[in-house]
Amino acid sequence: MAGVMAVLWAGALILVATSVKVVADNIGVNWGTMTSHPLHPRIVVQLLKDNGFEKVKLFDSDPWMVGYLAGTGIEVMLGIPNDQLEFLSQDYGNAKDWVKENCTSHLRKGGVNIKYVAVGNEPFLTSYKGRFLKTTFPALKNIQKALNEAGLGNKIKAVVPQNADVYESKSDKPSDGVFRRDVKAVMAQIVRFLKENGAPFVVNIYPFISLTMNSKFPSDFAFFDGGHPIQDDNVQYNNVFEANFDTLIYALKDLGTPNLTILVGEVGWPTDGHKKANKNSAKKFYDGLFKVLASKKGTPLRPGEMDVYLFGLFDEDTKSIEPGNFERHWGIFDFDGKPKFTMDISGKGGDKHLVAAKGVKYLPKQWCVLESYASNQDLIGQQTGWACARSDCTALQDGASCSILDPDRTVSYAFNSYYQMNNQDEDACDFEGLATVVSKDPSTMSCRFNTQIKVDGATRLSFAQGAVAAISSSLTLFFLLQ
């Protein structure tokens, strides 16, 4: 009997050991939906649970999608798109209605664990040219007031996720950090309001953007290898992530709120669409980030645990590529919920593949390619450009995963992208008689020709309002016509 008990106890210990939580409490993830073929929320929520993510940040508040988070305990940050800020700022009644419909309605017993409401998303980006400068703070005040009046103010805080471009340093040293002159006045109002309401400052930090925007930026400083450090008086910064974070703290100090809690709302590394965006670099970045987070050393100005949301969950093939073709490739999972590379989220040497999405169904294994005997060869350039303008050809850009395809396969990639995005419709593989459907996968070692996932009508209808038209840049067309 003693021997049997020993075996049972050993088995119990094994179960305990294998059920150790991998994702730390301070790590969440962004769930974006700018995709032509979104995974069903039921599948996504299961994926979050399977991988131990207990925090998720959304970019809208679709009640159908949010409803699937009920009963999971997952902490949720709801999102309010920028185009709703004016509506919410004009009339407090609008904010009350929003809170009632998107917060109160989910807070029944066993409901959704809503922690934050993100009022806008990076509304003060320089590229917006002040469009949301006058509406963001009034919308923030109205939403928090509505939360307070609904008796939710202690549980749910209104925040404004900001891009790191709202602050700057003339010397590139964190100690010279200040908010941009054009937003400083409104930022002073916002940070004081956040402090008064016990809400955090949410900032999105992108070392990849720092690297790609400046040809002289030292590559290793974008990672966590300790190369090309910045010396700021007696403090040394070995990576841009920590230096950027402390620049924000100095900017907050300049406005009289140096101790304001900070959440990193977005941080990550893309895997395609740019010569510096690939899986190896993304893995290198995340491995370094997770080690820093696991150490709980924080930054020189803010020691201790840091709260971050990874960006993002999936690749999004209809996301705007105005900032760059890499914008559609930030996911730690591919469009169909398959993990892209092994990750050590624990930061303690537990390198492994994340759990893939379960229950994903695909369209038939068939692809649209250039017909080898096609006539009207003079139409190829025109039809290729037409296909890319209405689908996703970002992987064909210089240095990207499909950039070294031969000319015929490049055309086939463009045709197939349009064909798959249009659910393999027969008419979507014509291109003036230049294309044909094949059952042999045309993918190469480095370039994957996708077959899309099946999306039911309810999913497509629900996400339709959040999707944007797939419009590729003029660079894509120029590149393909060469």
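The values are calculated or read from the model by the stated rules, or taken from the named source; none is laboratory data. Note that the structure is predicted; figures quoted are calculated from it, not measured. All Cβ positions, glycine included, derive from the backbone under ideal geometry; neighbour counts span all protein chains shown. Each accessible area value is taken on the protein alone, full model and side chains, heavy atoms only, with ligands, DNA and RNA left out. Shrake-Rupley method; radii C 1.70, N 1.55, O 1.52, S 1.80 Å.
Quick notes
- Gain on full extension, evaluated as 0.36 nm per residue between Asn376 and Glu196 minus their Cα-Cα distance, stands at 58.0 nm.
- Efficiency of FRET from Cβ geometry, Gln189 and Met213, R₀ 22 Å, rounded to 0.05: 0.15
- Across the protein chains, with a 1.4 Å probe defining accessible surface, the residues Glu196, Glu75, Glu168 rank Glu196, Glu168, Glu75 from largest area downward.
- In this structure Cys402 has an accessible area near 0 Å², from a 1.4 Å probe over the protein heavy atoms.
- Spin-label zone in region 64-93 - amide nitrogen under 11 Å from a point set 7 Å from the Cα of Ser320 along the C-beta vector: 82-83
- The chain: relative contact order as a whole-number percent, Cα under 8 Å and 6+ apart: 15 percent
- Ranking Ile230, Ile205 from most to least accessible surface, computed with a 1.4 Å probe over the protein chains only, gives Ile230, Ile205.
- A crude spin-label estimate for the pair Asp97 and Asp172, with each label 7 Å from Cα along the Cβ direction, gives 5.1 nm.
- Between region 121-135 and region 163-196, the Cα center-to-center distance that results, in Å: 14 Å
- Unpartnered cysteines - no second Cys beta carbon under 4.7 Å - across the chain: Cys103
- The chain - mean residue ellipticity at 222 nm from DSSP helices (-39,500 (n - 2.57) per run, n ≥ 4, rounded to 500): -10000 deg cm²/dmol
- Backbone N within region 325-367 under 19 Å of label point (7 Å from Trp64 Cα along the Cβ vector): 360-361
- Ligands, DNA and RNA aside, His40 has an accessible area near 20 Å² when probed at 1.4 Å.
- Between Lys275 and Asn259, the simple spin-label model (points 7 angstrom out along Cα→Cβ) gives 4.9 nm.
- Surface calculation, 1.4 Å probe, protein heavy atoms: Arg108 sits at approximately 140 Å² accessible.
- Cut-off under 5 Å, modelled amide H: who pairs with Lys157 long-range: Tyr116, Val117
- The order of Val22, Val66 by accessible area, most exposed first and with a 1.4 Å probe, is Val22, Val66.
- Spin-label model, His228/Asn154: points 7 Å from Cα along the beta carbon direction are separated by 5.0 nm.
- Near-label residues of region 349-391 by backbone N, under 14 Å of a point 7 Å along Cα→Cβ of Val438: 366-374
- Solvent-accessible area, 1.4 Å probe, carbon plus sulfur percent, for region 27-353: 47 percent
- On a per residue basis, region 183-244 carries 44 Å² of accessible surface, using protein heavy atoms and a 1.4 Å probe.
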